[in-house]
Structure formats: structure tokens, C-alpha cells
Amino acid sequence: MASTNGSITNWADKSGEFKRGASQFRNWISKKPGSEFPPEKGRYHLYVSYACPWAHRTLIVRKLKGLEDMISYTSVHWEMLEKGWRFARQDERLPGENVGPDPIHPDYTHLRQIYFQVDPEYKGRFTVPTLYDVKQGKIVSNESSEIIRMFYHEFDDLLPEKFAKLDLFPPHLQADIEGTNDWTYNNINNGVYRSGFATTQQAYEQAVAPLFSSLDRAEEHLSKCAAPYYYGAEVTEADVRLYTTIIRFDPVYVQHFKCNIRDIRSGYPNLHKWLRTLYWTVPAAFQETTQFEHIKKHYTKSHKQINPYSITPVGPVPDILPLEQEVPAAAATL
């Protein structure tokens, strides 16, 4: 998720369609000899926002792969205004681990300062996640899809066997996962933003229709899957990439981004079950990295052109249902 010097409204073009900017830093941590960014314990620091679904991916994979001692992280404050993401002050008390001042640059107040430290002439967006090389003072990457794949195996030689063996992108499923990633990203992950940031009725409807068609497609897939996760008995990249949008859907996207044809808890029983299975049965990776206060307040208090009075809706209550509980409307159909 990005910020610019101007209003988020500027993300829409003249047709009213939301346009996501490309990530600017695309380097790679690699265990190959001579790599500029070799895997080392304590060398890399990850900047994230608990509010941002793209950054959330990296926190989930960091936990799944047991990289807590390898890669430190800081979460910014949920507020993102004219200067972009800011670091929480020492006296602010927000939920979640590592929400506070930047431990690497204690005098920095905003994420943008790291970008300008790396490149004083930088003209791109100041995005999370940002993977930073503390030793060289360089940004490795701000592309979430590539950061999570670096985490899959580049640190395996430094990890205990149980984490080194974990493969979120197994060879026999790679073609299936890549195929799913294509429509999940375009129509669901980015589809909610294309719906919510649209500035014309036509652009909104052109985004919201494929969003719900793709949710229907995911629902159908899960209805035929006897195993708990998207591609079987083990968590894969497909679960990680879809989860971060679906967990935000009912609390934020339904009302704030006008994605209200159906909600997840009453309209998609298999997606709802899959979502709660990840949240409740893999808590370290999914539940502990999900911070609903950050999520709800960021969207509703940072997007002034959508919600000018910054009112944060109270519901839905609860943010996520217990594993075996359904809303009455959904329970009646079972």
C-alpha cells in the first residue's frame, strides 16, 4: 500500500479508475555466492503496517518460516496522511508488536525519510512493506510478492530443520498457485481498491463485478476441497495472498469500499470457514499478525476523500467469528 505527496484521489486516472503504481526497489536477498544481499541473521529490517494487506503477507510468511530471529520489523502507525506513513511516538499505545519509533533511525518520524536517505532524488511512492539492509543502508525491496518468496528458502541454511523444510510454494503446486495468483491479485486483492477508489460510477461497477465473480470462483473451489487450506492439508502461498484481503473484507471493504453485494460471513460459507480455520488454528502466523484496530482506523481515518468525517463504524461485531459459529442467516442455510 502506497502513499504519495498528494491526495490518494490522484491514484485514479481521468476515467475514474484506480491505478496502482509499480514498486521501485526490486533487489533480492540471495544465498548465491557474491550476492549483494546475502542472508544473514540480524542484517535486515522490515517496515510494515498492520493495516496494509500487502505488508501483512510478509509478517505471515516471516512467522510461518520461523524468521523472527533473522529479520526484525517495525510497524508504522495506522495513520497515513499527507506525508505518508508515520512512525508511532513512544507515548502512543497501539495494539500489536513493534509499533513505535524506528529503532534503526530514531530521529525519523516518517517512512519517507528512509526512502530519501537511500535516494535523495527519489520520486516514487513510500510503500510498505519495505525490506531494508541495515548493514549497507539500502532498500532491498518494496515489492511484497517478491519479499515473501525471498523468505521461502534463502534463509533455510540458517534455520532449524522444521522451518527449512516448510515449502509455501511446492514444485507440484506452482502452476496452480501462479494461476490462482493472477486472478486473485487482479480481481480480489486489487479489485477491492479499484472498487473503493473509483471516482466514477462506471469505473466502480467495472471493478466490483469481477471482484464478486472471483469471490464466487474461490468459494466454488473451496466447496470442492476436503482439506482445510486452499490447496490441501498444508498452508501455501495461495492461502497467504488471499487471506489478507478476506480478513479485511467484512470489517472494511464492505462499507468503506462499497463492496457490498455480499459479505463473507453470510454470503460465502466456504470462504468464511477457510478464513476462520487459518485465523484460529494457525494463530501465530495469522491471528497474531492481524490487528483489527489498525485495519479499521487506517482506512476510515486516512482516506478523507471517501470518509471526510473519519467516522469508523463499530461493526461488524465481532471482527471475526469463532471457528464453529455462524451468523443466523448463514446458519439457516446449513
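If you go through region 88-123 and keep only what is part of a helix (DSSP H, G or I) and either under 21 Å from Gln291 (Cα atoms) or assigned by TED's automatic domain parsing to the domain that holds Lys296 (or both), you end up with nothing.
Report whether or not Glu154 is in contact with a Pro (Cβ under 7 Å, 6 or more places away or on another chain) and either among the aromatic types (Phe, Trp, Tyr) or in the same structural domain as Gln117 (by TED's automatic domain parsing) (or both).
yes
Determine whether region 295-302 contains at least one residue that is outside the structural domain of Leu94 (by TED's automatic domain parsing), modelled with pLDDT of 95 or more, surrounded by 16 or more Cβ atoms within 10 Å (Cβ to Cβ) and under 23 Å from Glu205 (Cα atoms). There is at least one residue in region 295-302 that is outside the structural domain of Leu94 (by TED's automatic domain parsing), modelled with pLDDT of 95 or more, surrounded by 16 or more Cβ atoms within 10 Å (Cβ to Cβ) and under 23 Å from Glu205 (Cα atoms). Scanning region 214-234 for residues that are surrounded by fewer than 22 Cβ atoms within 10 Å (Cβ to Cβ) and of a type outside the set (D, E, K, R) returns Ser214, His221, Leu222, Ser223, Cys225, Ala226, Ala227, Pro228, Tyr229, Tyr231, Gly232, Ala233. Looking only at residues in region 134-153 that are of a type in the set (D, E, K, R) and within 21 Å of the chain's Cα centre (by Cα), the one that is nearest to Pro39 (Cα to Cα) is Arg149. Taken together, the residues in region 249-278 that are in a helix (DSSP H, G or I) and either in contact with a Ser or Thr (Cβ under 6 Å, 6 or more places away or on another chain) or of a type outside the set (A, V, I, L, M) (or both) amount to 16. When Glu288 is tested against (1) over 15 Å from the mean Cα position of the chain (by Cα); (2) surrounded by fewer than 18 Cβ atoms within 10 Å (Cβ to Cβ); (3) not in a helix (DSSP H, G or I), just one condition goes unmet, and that condition is (1).
Which residue, of Leu222, Leu242, is of a type outside the set (Ser, Thr, Tyr), over 17 Å from the mean Cα position of the chain (by Cα) and on the phi < 0 side of the Ramachandran plot?
Working: Leu242 fails: over 17 Å from the mean Cα position of the chain (by Cα).
Selected residue: Leu222, the only one of Leu222, Leu242 that is of a type outside the set (Ser, Thr, Tyr), over 17 Å from the mean Cα position of the chain (by Cα) and on the phi < 0 side of the Ramachandran plot.
Just one of the listed residues (Pro322, Pro316, Pro328) is modelled with pLDDT of 95 or more, on the phi < 0 side of the Ramachandran plot and loosely packed, with under 15 Cβ neighbours inside 10 Å, and it is Pro322.
If the requirement is being at negative phi and at pLDDT below 95, which of these qualifies: Gln255, Gln305, Gln291, Gln287? Quick ask: steps written out before the conclusion?
Values: Gln255 fails: at pLDDT below 95; Gln291 fails: at pLDDT below 95; Gln287 fails: at pLDDT below 95.
Gln305 is the lone residue from the list that is at negative phi and at pLDDT below 95.
Cβ-Cβ distances below 9 Å connect the following pairs, each with a first residue in region 98-125 that is farther than 15 Å from Leu46 by Cα, a second residue that is surrounded by 15 or more Cβ atoms within 10 Å (Cβ to Cβ) and small (Gly, Ala, Ser), and a separation of six or more residues or different chains: Gly124/Ala2; Gly124/Ser23; Arg125/Ala2; Arg125/Ser3; Arg125/Ser23; Arg125/Gly84.
Is one or more of the residues making up region 64-79 part of a loop (DSSP other than H, G, I, E, B) and over 21 Å from the mean Cα position of the chain (by Cα)?
Of all residues in region 64-79, those part of a loop (DSSP other than H, G, I, E, B) come to 65-70, 76-79.
Those left that are additionally over 21 Å from the mean Cα position of the chain (by Cα): 69.
Within region 64-79, one or more residues are part of a loop (DSSP other than H, G, I, E, B) and over 21 Å from the mean Cα position of the chain (by Cα).
Of everything in region 120-132, what is crowded, with 20+ Cβ neighbours inside 10 Å and not aromatic (Phe, Trp, Tyr)? Give them in sequence order. Walk me through how you get there before you give the answer.
So in region 120-132, the residues crowded, with 20+ Cβ neighbours inside 10 Å come out as 125-132.
Once the filter is applied, which keeps residues that are crowded, with 20+ Cβ neighbours inside 10 Å and not aromatic (Phe, Trp, Tyr), region 120-132 yields Arg125, Thr127, Val128, Pro129, Thr130, Leu131.
If only residues of region 1-46 that are aliphatic (A, V, I, L, M) and out of contact with any Leu (no Cβ under 7 Å at 6 or more places or on another chain) are counted, the one that is modelled with the lowest pLDDT is Ile8.
Selection over region 235-280 of residues that are surrounded by fewer than 22 Cβ atoms within 10 Å (Cβ to Cβ), acidic (Asp, Glu) and in contact (Cβ under 8 Å) with a residue 60 or more places away in the chain gives a count of 0.
The values are calculated or read from the model by the stated rules, or taken from the named source; none is laboratory data. What you see is a predicted model, and the numbers here were worked out from it, not measured in a lab. Using ideal geometry, Cβ is built from the backbone for each residue, glycine included, and neighbour counts are taken over all protein chains shown.
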